[in-house]
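S.K.: First the structure, which I've put down as structure tokens, then a few questions once you've had a look.
The values are calculated or read from the model by the stated rules, or taken from the named source; none is laboratory data. Predicted model, so just to flag it, every value in this text is computed and none were measured. We place every Cβ from the backbone using ideal geometry, glycine too, and count neighbours over all the protein chains shown. What goes into the accessible areas is simple: the full protein's heavy atoms, side chains included, and nothing from ligands, DNA or RNA. Shrake-Rupley method; radii C 1.70, N 1.55, O 1.52, S 1.80 Å.
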Amino acid sequence: MTEHPKTRCFGGPENPLMMLYHDLEWGVPLHDDKKLFEFIILDGAQAGLSWSLILRKRPAYKRAFHNFNPSKVAGFNASDMKKLEKNSGIIRNSLKIKSAVNNARRFLEIVDEFGSFDRYIWGFVKNETIIHKYKKWKDIPSHTAESAKMSDDLKKRGFTFVGPTICYAFMQSAGMVNDHVISCFRHKQVM
């Protein structure tokens, strides 16, 4: 008896990293501050690049950013940032590196104000995953009213690399929206 291939939004045996990300993480509701911080860093680094590239560099990011510990990253100084610019395992764009350190500091301010980043960020979707029912991948928008509102508020709080499109990618990563197309085997699983 042969197993039928699963219908996926993206990823497959030809790209195992993307397949695992799709099957295990994308669209799954996240409420852990450390994981939310990880996606703030990774989604900001991805701007203008492919997610596949970021997934390949994820282990190096994990090492370089102290297992995505926002307190440690917030403590990085100019010398630490210069070292990161020489780290070939990550995206060495100085603006993105400075943004990651800045965003770690802003992240901690939100934790102080709200008790957790989770409590703050999930407020943009009224603490519930928005479930979409797109039939085709091309129907999925690059940003929404919610991601624009999130972007505006994050920018007011001093975050960088948080435009509406990056915020929407973050929302997808964090499971704030379920954008698995309805033919995808994960669509119902993550509901």
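S.K.: Kindly sort Leu24, Leu49 by accessible area of their heavy atoms, largest first, with the probe set to 1.4 Å.
M.R.: Leu24, Leu49
S.K.: Can you give the accessible area per residue of the chain, in Å², using a 1.4 Å probe?
M.R.: Value returned for the chain: 52 Å² of accessible area per residue.
S.K.: Further, regarding this structure: Counting just the Cα atoms, what span does the chain cover along each of its three principal axes? Round to the nearest Å and put the largest first.
M.R.: Largest to smallest, the principal-axis extents are 58, 37, 24 Å.
S.K.: Accessible area of the chain with a 1.4 Å probe: how many percent of it is carbon plus sulfur? Please report the intermediate quantities before stating the final value.
M.R.: Working: 5400 of 10020 Å².
Here carbon and sulfur together make up 54 percent of the probe-accessible area.
S.K.: How high is the relative contact order of the chain? Use alpha-carbon pairs under 8 Å, at least six apart in sequence, and give a whole percent. Working shown, then result.
M.R.: Values: 246 pairs, mean separation 56.8, N = 191.
With pairs under 8 Å counted, the relative contact order is 30 percent.
S.K.: Counting other C-beta atoms within 10 Å, and keeping those with at most 10, which DSSP coil trypsin sites (Lys or Arg not before Pro) do you find in the stretch 112-191?
M.R.: Those that pass, being in a loop and sparsely packed, are Lys126, Lys135, Lys136.
S.K.: OK, next. Please give me, ordered by residue number, the chymotrypsin sites (Phe, Trp or Tyr not before Pro) of the stretch 109-188 that lie in loop per DSSP and have at most 15 other Cβ atoms within 10 Å.
M.R.: Passing sites in the stretch 109-188 are Phe185.
S.K.: I need the GluC sites (Glu not before Pro) found in the stretch 85-191, filtered to DSSP loop residues with at most 15 other beta carbons within 10 Å of theirs.
M.R.: Glu128
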